Amino acid sequence: MKFLAVLLAAWMLVAYLAFPCGIPWALPVFSFHRHPDLPRNHFLAGDLGILEPTYARSYLWVAYRHLADIGFNPAQQEQVRLYWADRLTGDWDGNHIDWLDRWKTARARILGVSAPKDEPKSRPAYPWIYYRNLTKAWQVNCADDAFRVAIDTLHSRTARFGRTRDVNNWIEGQEAVFANCLSDQPSFPKDAPPGAPDWLKRDRAYQLAAAALYANQTSQAEARFRAIAADQASPWHTLAPYLVVRVLVRAWNRTASEPGDARTQLELYDKAEKEIQHILAGPRMAPLHGMTRAIWRRIRQRSKPQLALRELAPAILVRDASGSLRQDIWDYTTLLDHFLDEPYYFRTDLERRQYLQERQSLPRTDDLTDWIVTFQSRDPRDTRHAVARWRAKKSLPWLLAALARVDANDPASPELIEASLNTPPRSPAYWTLAYHRNRLRIERSDNAAARAELRTILDQPPVPIPKSAVNHFRALRMQTAPDLAGFLDYAQRVPLMIVSDRNTGEEPNFDYFALDVRLPRLDTDSIKVLNERTPMYVWKKALRHGLPSHLQQEWALAAFARATLLRDDDGMREVAPFVHKAFPESAKYLTAFSNDSTPQDRHFAAVYFLLHYSNVRPYLTSGVAWRTPSIRRIDSYVNNWWCSLDSDNELDWDASDRVVRWITTDPPERPKRADPDLAAGRVSFLTPSDIAAGKAELEKLTKAGTALRFLGTEALLWARKHPDDPRNPESLAFVVKVGHYACSDAKTATLTRDAFNLLHVRYATSLWAKTTPYWYR
Amino acid sequence: MRLAWILVIAMGLPAAPPLPPIMLWAWETPHDLRFLKSPQIGVAYLATTLLLREDTLWVRRRIQPLRIDPSTPLVAVIRIESDEARRAVLSPRQRRMAADRIVEVIDTTGAQALQLDFDAKLSERQFYRLLLLDLRRRLGSGFFLSMTALVSWCGSPSWLADLPVDETIPMLFRMGDEGPATRYRLFNGGDFPALQCRTSLGLSIDEPRPLAGKIRRRYYFCSRHWTPTDIERILEENRVTAK
């Protein structure tokens, strides 16, 4: 108890520092990975920008149609827009009507009883489902149509026969049918009473068949619906054949979902298919054709996906066709996903192996599917395939795919570049081809040619250029910059949006950060080079370039931290004025830089300063510098000071391409650290000796270890050598803070302990000792 | 042993919950875990998702089958999300609806233990706190109530400190920017400052995990289906006899 009281008092004493808790990390999006620039209408109209293989497949289909000069008429565009809305919302015309509630209201009205109270309540997606303990899941047994048809029938019978005992009997029968929707206990209506009118007998026959269907007594349901189909006098006889199909499909579905007899599954499938073909062959059953085709498509997709894909691919490329493009593209992309994205669920490892074998059977016999798969593939063999297809067809889709895939060493790259030059600016492929053409030029070190075209693209684009594309081209231009000034100019890019690391779909209106999206920021390509292969003298030079103030701030602090860790006194002296300009409050810590002091004095002044600024790191971060509003506020748990530079992804963890990894690979891949030598090799302004010097400095920075190790060691050394320095109590107290809030380990715990002990032994009467009652491992 | 419990209680740590040391999360995919027969392994399955939208609540119940042996210890998980586009008002009525639905799920499923999974933003924490208090009142002090936590909640001081839950599970995966510092701390013998975060851990089988050095319950997440091979690896990692 005493322990708890002391703990509470200690917490209250140190509460003068604000401890904000963590918020989602803000990631800039310089170009979209998952979808094209927003709004999507421009893309739908043919402004494809720079096409990415990471786009969702429906976008690649849209792109293919434009590249193949098929395009979309207005009605088709609307279908595509509706499809995208379906994907985003999952609604699919969903109006979330509570049909069960509507049935109850309609029934109550007829029976003259109180209707259910109309009060706001929580809304399940499907109210009429029941829980099965066997599977620990709820089951959707009855579709909307069941209730809709029942309500319509009730109104029709009431209008024709009035509110009679027979209609009440009908209602009772229907209630018994719907009881199957809410429970797994079978429920059947009673037979029609003796002397019941014919309409009630026939409706009862239908209700009994429906009850059998929902009670999963499929043999009985099949027999009953067949009998209804044969009864010409029944008002349900035209619908009944379709319902026979529904019964067979339900039975097939249940066997397909459970491990069981493959022969039974096949028999049920064949039986269902036979019934379907019988319906489709009958002109008198024309009203059933649409819904029968829909159900047939469902089962074919599941049981014969290759065949279903082969049928769908040409259907979604028809120019000016009316019809169900919205449904068709959903089915097509679902099938592609089935083949290309490993499902989460396999019952056994054997099933998984079988799936992987089936994956090999993906039909690429149609150009669209072949193109999408090739464009997205990470298999190097598909590069050869793309080139071969281009050579055979000389079509724009294949030119784009081939050019996007080859590297500069590929023997086909000169001919592909040459072919791309003939594409006019109005072509939907223009920007993609221009991008890869210049990428290849840079890879071949033909920087002059690349620079010339990129200058025109960025300064005087021949057609409007999407913002994502601007950033892509700036990235290429940055690589060709012959000097630091050019590099810095093109390293700065304006993000399209700022998202949180949870917004993997890059959707707008999902996040809110009080940040100005219009400010230019640095992307990972420049950060990588600067942090890991750029020597200090370049860092210092950059401070004179005239960066925007928000970048200058972070740059000055990172450069100062680097110089301190490198024990570069000249570096610290050169950078200190920039730190002071960015943060006038730093003056009180850095007085040693403005008077006649020794290098050791200045070094400790720098250490003392860094102890007070938890958000300063010896490296730049991509995009958004600091999570908390002030660079000085300590987060209650993480993101304070720095960890060892070789730990986890300390230098890469904020990379926006981490988001790409999670959304484009299945299962999500842990991002690998980008190769700094590769990154440095791509830029022109650093010489080989610069890169070597930058690498050596990084090694020294890494050896310095965590912030606690470096700052703690330095602070302790200073306090022991200069015991009368009035800054010591505060300095040691901050070492304890660093030990508490920043990266630490069992070894650095001794530093914290030593700082604590020294604080309390030598400076016991200081305010800092009093306000630092504990140290933390 | 008694002395150990006295010390645990005196330190304000929650008492040991009645669940096995290894728990598998069964999320929104079909699972057949009938091969699990060890009393050392239980399953926490996503039973329902509640979406807070404007002043109402949307309910998405589990429809993916989960097959388990009847002897497997089970926890029903309810995930709470808030609609980013149509922001929740977080009213008392909305909170009551959420509590009603949660209690309904417990009644329907017969769950003996409940876990809530809600990545509450700062503005939602008061709502969450009050919801937990409501639930505790309705379920009683003897009902096992657990919650997941973001690692950023496990600092000191922590808003988790006085919540009426029996277990808090910091999730050591998909951590985003907290990842490097958190891993560094835990992989090098450190621990969370918040005491509530020290009794259980949430892990993923496809991300690095600290060694099972300290006694705490471990929850495992798998983005695909669980296989017997996964279970063997987990048991080996925890050095527990399987059967």
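Just so you know, all these numbers are worked out from the coordinates, no wet-lab data involved. Worth saying up front: this structure is predicted, and the values here are computed from it rather than measured. Neighbour counts are summed over all protein chains in view; Cβ atoms, including those assigned to glycine, are modelled from backbone coordinates with ideal geometry.
Quick notes on this one:
- Between A:Ser445 and A:Asn422, residue separation times 0.36 nm minus the direct Cα-Cα distance comes to 6.0 nm.
- Each residue of region B:224-237 was assigned a 3J(HN,Hα) from its phi angle through the Karplus expression (A = 6.51, B = -1.76, C = 1.60, θ = phi - 60°), giving 10, 7, 7, 10, x, 5, 4, 5, 4, 5, 5, 5, 4, 4 Hz with x at Gly and Pro.
- Per-residue average of Cβ from other chains inside 10 Å of A:144-151: 0
- Among the residues of B:225-232, the average count of other protein chain beta-carbon atoms within 10 Å of the residue beta-carbon is 2.
- Number of partner chain Cβ atoms within 10 Å, mean per residue of B:73-85: 1
- With neighbours defined as other Cβ atoms within 10 Å of a residue's Cβ, the residues A:Ile276, B:Ile106 order from fewest to most as B:Ile106, A:Ile276.
- Summary value for chain B: 18 percent relative contact order, contacts being C-alpha pairs under 8 angstrom separated by 6+ residues.
- Under 12 Å, Cβ to Cβ, from A:Ala221 - net charge with Lys/Arg +1 and Asp/Glu -1: +3
- Order by protection proxy (mean Cβ within 10 Å, highest first), peptides A:202-212, A:185-195: A:202-212, A:185-195
- For the pair A:Leu307 and A:Ala159, label points projected 7 Å from Cα toward Cβ lie 4.2 nm apart.
- Charge tally for A:Ala680 (other residues, Cβ to Cβ under 10 Å; Lys, Arg +1; Asp, Glu -1): 0.
- Seen from A:Arg391, the other residues with C-beta closer than 12 Å to its C-beta sum to a net charge of +3, counting Lys and Arg as +1 and Asp and Glu as -1.
- Orphan Cys of chain B, criterion: no other Cys C-beta under 4.7 Å: B:Cys222
- Packing around the peptides A:702-709, A:363-370, taken as the average count of other Cβ atoms within 10 Å per residue, puts them in this order, highest first: A:702-709, A:363-370.
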